[in-house]
Each structure stands twice: as C-alpha cells, then as structure tokens.
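First up is the structure itself, then whatever we jot down about it.
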Amino acid sequence: MDRRRFIAAATVHGWALTPLAAALAACGRTGGWPDGMAEIKWDRDTCVRCSMVISDRRFAAEMRGGEKNIVFKFDDIGCVVFWMRDKQKDYPWMADAATRIWVADVASTGDKWLDARKAHYSGGKMSPMGYNHGAKAYAEAGAFGFEEMRQHVLAKGK
C-alpha cells in the first residue's frame, strides 16, 4: 500500500495517526517541484536536445504534455525553444496551451520554478548552452517575455 492510500485509509477508519501521518508526508517529493513537474535528478538527468548533463540549477527547464503526459528535461531554455521548433511534427501537442513548461528562476538554486510562458527573461547571463537567457518572476528593465526570448534564441541559430 502506498503512502497516500495508507493515509486515506487511516482517515476513513478514524485511526489516530497524526504524528505518523506527518512523518509519512515528509517522505514525499523534495526540492520544491511544482505540481505535475517530474523531479530533475541533478548531475544525472540529461537534456533531451543536447544530451548535456543537467547540473546548473539556475537554467534548467522541463516540458510536460500530450495524451501520455510525456516529460522532456532540458539544461537551458534555449534547448526548449529549438526542441519545440525541431520536434513539432513528432509532438504536435507542444504548441497546445495545456502543455506545461517550467523554467528555473535564475536567482534560485533549482528550488523555484516559473511558468516559462509567463516568466520574464534577461539576457547577458552565462547559461549552459550559451543561449544566455535567465528567467525571473518579475519584469525588470530590459527584460522580455517568452515569445521575444524565443525569437532571440532562434536568431542565434544553434
């Protein structure tokens, strides 16, 4: 029996498991992953596009969607941009608004994740693949949105 079913069964049967339930709840996911996001195993998972090990926690990204809820992990938001361009025929669901894309907040250590389409991007950062765009939750002078960042990355042509 998994942890959630055990806790649900305990609640239904009225067992006094508050300390045990709290301990079991602490055994769940760690790292501040948003709901629906698969855990990135730092220094072990590789970018689906460039095959580089995902280790810089400030620039990592993830995409999830389609009927099978497929997960793609990336080491740089630029890899996401090129993956979406290059694989649109294989995965037409990527263009769907329901497809979730997360990007790490550049000011975090991999524990704060943003909706990539709503994030604000600043250039001049040194990112793993050299696309050099860092995501932030709030706009600042010179920052731009996802679509403009995408155009900048595609113009580099890597």
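The values are calculated or read from the model by the stated rules, or taken from the named source; none is laboratory data. Computed from a prediction, not measured in an experiment: that's the story for all the values here. Neighbour counts run over all protein chains shown; Cβ positions are idealised from the backbone, glycine included.
Numbers at a glance
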item: Number of the condition not met by Glu147 [criteria: (1) closer than 24 Å to Lys41 by Cα; (2) more than 14 Å from the chain's Cα centre (by Cα)]; result: (1)
item: Hey, Asp90 assigned by TED's automatic domain parsing to the domain that holds Arg64 and surrounded by fewer than 12 Cβ atoms within 10 Å (Cβ to Cβ) or not; result: yes
item: Lone unmet requirement of (1) in contact (Cβ under 8 Å) with a residue 24 or more places away in the chain; (2) surrounded by 17 or more Cβ atoms within 10 Å (Cβ to Cβ) for Leu114; result: (1)
item: Residues (surrounded by fewer than 14 Cβ atoms within 10 Å (Cβ to Cβ) and within 24 Å of Trp42 (Cβ to Cβ)) located in region 119-136; result: Met126, Gly130
item: Test: residue in region 94-108 that is of a type in the set (Gly, Ala, Ser), closer than 16 Å to Gly32 by Cβ and surrounded by 21 or more Cβ atoms within 10 Å (Cβ to Cβ); result: yes
item: Selection status of Gly78, touching a helix residue (DSSP H, G or I) at 6+ places or on another chain (Cβ under 9 Å), in the same structural domain as Arg117 (by TED's automatic domain parsing) and on the phi > 0 side of the Ramachandran plot; result: no
